[in-house]
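The values are calculated or read from the model by the stated rules, or taken from the named source; none is laboratory data. What you see is a predicted model, and the numbers here were worked out from it, not measured in a lab. Don't worry about glycine lacking a Cβ; one is built from the backbone with ideal geometry, like all the others, and counts go over all protein chains shown.
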């Protein structure tokens, strides 16, 4: 049976940014379980759609969310990303967190 989750990788990346606006792409990718290239592409999608603003801070990026933006699917457009994120932002986005560690494939850390 295939593994599946209720949230997309886009939602997981948004959650990482909500928990840590200074999160690195590498840490985001590790926490979500995707490649760095995939994480970069998702951030670019979110920036392009107006859900995230990316600002340069020295050599790093800092992200700002627009929690008032609506969810994209027609069934959910009366809800915002802020509503969803407020339910899920109880801990840091880190590949070292117990939840993230249990989700990583064996041998990846």
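In table form, for the structure just shown:
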read-out	value
Within segment 79-109, tally of residues that are modelled with pLDDT of 55 or more, surrounded by 11 or more Cβ atoms within 10 Å (Cβ to Cβ) and assigned to a helix (DSSP H, G or I)	7
Test: residue 52 is over 10 Å from the mean Cα position of the chain (by Cα) and under 16 Å from residue 72 (Cβ atoms)	yes
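Every residue, every condition in (1) free of Cβ contacts under 8 Å to residues at least 60 places away in the same chain; (2) part of a strand (DSSP E or B); (3) in contact with a strand residue (DSSP E or B) (Cβ under 7 Å, 6 or more places away or on another chain), yes or no:
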site: 31; (1), (2), (3): no, no, no
site: 34; (1), (2), (3): yes, no, no
site: 41; (1), (2), (3): yes, no, no
site: 45; (1), (2), (3): yes, no, no
site: 54; (1), (2), (3): yes, yes, yes
site: 67; (1), (2), (3): yes, no, yes
site: 74; (1), (2), (3): yes, no, no
site: 77; (1), (2), (3): yes, no, yes
